[in-house]
């Protein structure tokens, strides 16, 4: 399920260039407290991996650079996706009822909420990224230090890691295993995005993609986000058309 929330403010909404952690904190602050604690502290676990089961988009508005920050004006939109009914109901209720929310230092209120189920009915979909898709592996150096290698579409490990991630999410949520190849095919230029999240550089890919695979796994990707670091604001997509 995907929720589109439109916000308004009496003053211009100004945020740092790299604001993912601010939006993430905003989401955790505007859902039921027990649910927030569960997702933040525990989440859904399988094979040693933990998933928060939600993702969110970049902020949509009319951004202008201002003294090293982004000025979005007085109106913005945010897309939030999750397969969890409790999460979606909670965030919709909180944002409808509250007229005094803070996104960073910005006092905002909800203008409109729209819900879209984005049901996947076929084994292929076409999507636009609402936030970059992040795919990576962590390796160990000879001195036991760790380093992260990020992958872009068309690189050999990209589809394999997308597949493994979706299978783990499905198992964590449904306690079932579905095996299916996943193929992510760019339908145009792919942009590499560099984002700082709490002083860590994260690389992701944005663009329009045809994604093939078992519809159950595609649905998990649509609802939770494709790739990794979804709850940090990566991998959120919008289904734009049925693939032909």
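What follows is calculated from the coordinates using simple rules that are stated; it is not laboratory data. These numbers come from a predicted model, not from an experiment. Virtual Cβ from ideal backbone geometry, glycine too; neighbours counted across all protein chains shown.
Structure notes:
- Potential extension, residue 97-residue 160 segment - 0.36 nm per residue separation minus Cα distance: 18.4 nm
- Each 10 Å bin from zero holds the following percent of Cα-Cα pairs in the stretch 124-242: 14, 47, 31, 8, 1.
- Rough spin-label spacing in nm, given labels placed 7 Å along Cα→Cβ, for residue 128 and residue 17: 2.5
- With contributions of -39500 (n - 2.57) from each DSSP H run of at least four residues, the per-residue ellipticity at 222 nm computed over the chain stands at -8000 deg cm²/dmol.
- Relative contact order of the chain, taken over Cα pairs closer than 8 Å and 6 or more residues apart, is 28 percent.
- Note on the stretch 2-116: Kirkwood radius taken over Cα pairs, Stokes-Einstein applied at 10 °C and 1.306 mPa s, translational D equal to 107 µm² s⁻¹.
- Distance from the stretch 47-89 to the stretch 167-209 (C-alpha centre basis), Å: 16
- Applying 1/(1 + (r/R0)^6) with r as the Cβ-Cβ distance of residue 74 and residue 199 and R0 = 22 angstrom yields a FRET efficiency of 0.15.
- A simple packing score, the average count of other Cβ atoms within 10 Å per residue, orders the peptides 13-20, 230-237, 134-141, 212-219 as 230-237, 212-219, 13-20, 134-141, with the highest score first.
- Protection proxy ranking, peptides 123-130, 192-199, 157-164, average beta carbon neighbours within 10 Å, highest first: 123-130, 157-164, 192-199
- The value of relative contact order for the stretch 124-242, using C-alpha pairs under 8 Å at least six residues apart, is 40 percent.
- The stretch 1-144: relative contact order in percent, alpha carbon pairs under 8 Å with at least 6 residues between: 38
- Rounded D (µm²/s) - the chain, Kirkwood Rh over Cα pairs, Stokes-Einstein at 10 °C, 1.306 mPa s: 86
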